[in-house]
Amino acid sequence: MRQFDSNKDYYGVLGVDKDASAGDIYRQYKRQAAKHHPDRGGSEEQMKSLNEAYGVLKDSTARRAYDDSRITSVAWQTSASHGRTDFVPTATRAARDVGVMGQCLSALLCLVAGLFLLLLVRFQWMWFLWPLAILAVSVVGFGVLLARSAMVAVNHSLPKTNRLKRHTKIQELTFWAVIITTGYGLYLVLSS
């Protein structure tokens, strides 16, 4: 069985995540080895640590044993420093961006909810609930800001060769023209 040092961070040496696949580890090793090879001006010590890290992480059984020993040693060091013996650290993945579709859906939800509340207050003659009308206008305003943010995100997601990407000023003018005319139309409906 291959020997390894559980105090070394082999994932950090290679520059990969703990849940990286074998293919990702191989590709990153090749990149790092090409960059730090002694024949190309790299240091011999760094190349040795790269080889050691790749030797442990490429073999699934050695990698599993390395991961288990790291979790055990980190848990023991942490619990010993706090006087506890039952602590086991866990790592969670970072949160991901909601993406363009999530931004569009959240903008639509805010606009629909705000307009529903506004129309409910107006057409049900609940004039004594004016704070609800203020809340509805605020939600609609927030929805407009989210819609603009979604428009910018859609524009950034388009490829550079797309014709729409070149006309951001026209998109902005069209967006605000639609918002102003819709707002005026809503004013006419609510004041009738």
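Remarks
- The fewest-to-most ranking of TYR184, TYR10, TYR54 by surrounding Cβ atoms within 10 Å reads TYR184, TYR54, TYR10.
- Globularity index of segment 99-191, i.e. its alpha-carbon radius of gyration over 2.2 N^0.38 Å: 1.28
- Partners for LYS160 among lysines (Cα-Cα distance below 18 Å; same-chain residues under 8 apart left out): LYS169
- Candidate lysines - alpha carbon under 26 Å from LYS48, same-chain residues fewer than 8 apart omitted: LYS8, LYS18, LYS30, LYS35, LYS58
- Footprinting exposure proxy ranking of HIS167, HIS156, fewest other C-beta atoms within 10 angstrom first, gives HIS156, HIS167.
- Relative exposure of ILE170, ILE179, judged by other C-beta atoms within 10 Å (fewest first): ILE170, ILE179
- Residue-span extension gain [HIS37 to VAL189] - 0.36 nm each, minus C-alpha spacing: 47.5 nm
Bear in mind these aren't lab numbers, they're just calculated from the coordinates by the rules spelled out. Not measured: the values here are computed from a predicted model. Cβ atoms come from the backbone with ideal geometry, glycine included; neighbour counts cover every protein chain shown.
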